[in-house]
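Participant: If you scroll down you'll find the structure; I have some questions about it.
Each value in this text was obtained by applying a stated rule to the coordinates, not by laboratory testing. What you see is a predicted model; the values in this text were computed from it and never measured. Every residue, glycine as well, gets a Cβ built from its backbone with ideal geometry; the counts of neighbours run over all protein chains shown.
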Amino acid sequence: MWMFLASDCMFFGALIATYMIYRGRSEAMGAGPYPSELIDIPYTSVSAFVLLMSSLTMVLALAGLQRGDLRASRLWIFATAALGTIFLGGQYFEFTEFYHEGLGLTTNMFGTTFFTLTGFHGLHVTIGVVWLLTLLFVSLRGGLKKDDSLDLEIAGLYWHFVDIVWIVIFTLVYLIPYDDMASESEPHASRVVGLAQSMLNGLF
Amino acid sequence: MSYVSMNVKDAPHGEDDEAHEHPSERQYIKIAILLSVITFVEVAIYYIDALASILVPALIVLSASKFIFVVSYFMHLKFDDKRLAWIFAAGMILALGIFVSTWALMHYHQIVDYVDRML
């Protein structure tokens, strides 16, 4: 599994490198819409938080299985898959919003590199959710016990990897400001209040 | 954990005990809280104009710290066989190499111009 993760590092390394190299090129070529017009930091922050917490539920699932608590293990596996599904729902909503704003896969360099990078990450999350639901099904059929914790641990390593990739994407794609970001005229105070409200709405 | 870490019989002398040390559930929760706080700080400093000059390095440091916490504690790399850490680090280093190579390829003419000026 570690060998696979190392190779996947290179895969995402290539996608992230491509994104960063073409970052800002759409603005230079005058082909909008641009990232600063589309990216919603509060919304994506909630998605990032959801995926981060799914890593916690994943380790709790493994810890439960390793101490022989099958009920806790199943509960946390389900919670992890549910949080992954929420993340995917958020990504689907974001993609739909971007598309309605006029950004397609071939609209500009931002569209191409953004959809490719985050789309492949979403594909990884989808595989992880299917993997977890399969393990949950196996567990409910009595096929995942304390002695089989290796099966869950391998799935867990994959899941955490997906999480760390998002940690990098969240910073490089969303948080590091784009050149035309400074043109935002919204006062800081209202933006901070909006952020807090969005995070609370996302959580509850 | 130990099976993914290594087979105990294959473990270098003195490392097999270390491979069994893993955080407790309470520690996992503490780390998750810490990760949440770092994420909140990342988003908060994005909105603070006074920090604009150090925003990018600060974001990279915070992001790297989250990355290291997840890999070390949730993926147990801190507690597992060091060979696994090297395998993963090799992937990371190669990924960085891909990044630098791609950048150099895309900026080939600028690099050549710069070298010409230097010479």
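Participant: Please go through the range A:1-81 and write out the trypsin sites (Lys or Arg not before Pro) that DSSP classes as loop and that have at most 14 other C-beta atoms within 10 Å.
Facilitator: On the way: sites: A:R23, A:R25, A:R67, A:R71, A:R74; in loops: A:R23, A:R67.
Here the trypsin sites (Lys or Arg not before Pro) that fit, given the DSSP loop and packing criteria, are A:R67.
Participant: Cross-link partners among lysines for B:K66, C-alpha distance below 26 Å, same-chain residues fewer than 8 apart left out?
Facilitator: Qualifying lysines at Cα under 26 Å: B:K30, B:K78, B:K82.
Participant: Follow-up question, since we're still on this one. At 0.36 nm per residue, minus the direct Cα-Cα distance, what do B:I48 and B:M106 gain on full extension? Give it in nm, one decimal, please.
Facilitator: 17.5 nm
Participant: So how much slack lies between B:E25 and B:R117, counting 0.36 nm per residue of separation and subtracting their Cα-Cα distance, in nm?
Facilitator: 27.2 nm
Participant: Determine the shape class of the range B:22-79: with a ≥ b ≥ c the square roots of the Cα gyration tensor eigenvalues, call it rounded for a/c under 1.5, and otherwise prolate if a/b is greater than b/c, oblate otherwise.
Facilitator: The shape class here is oblate.
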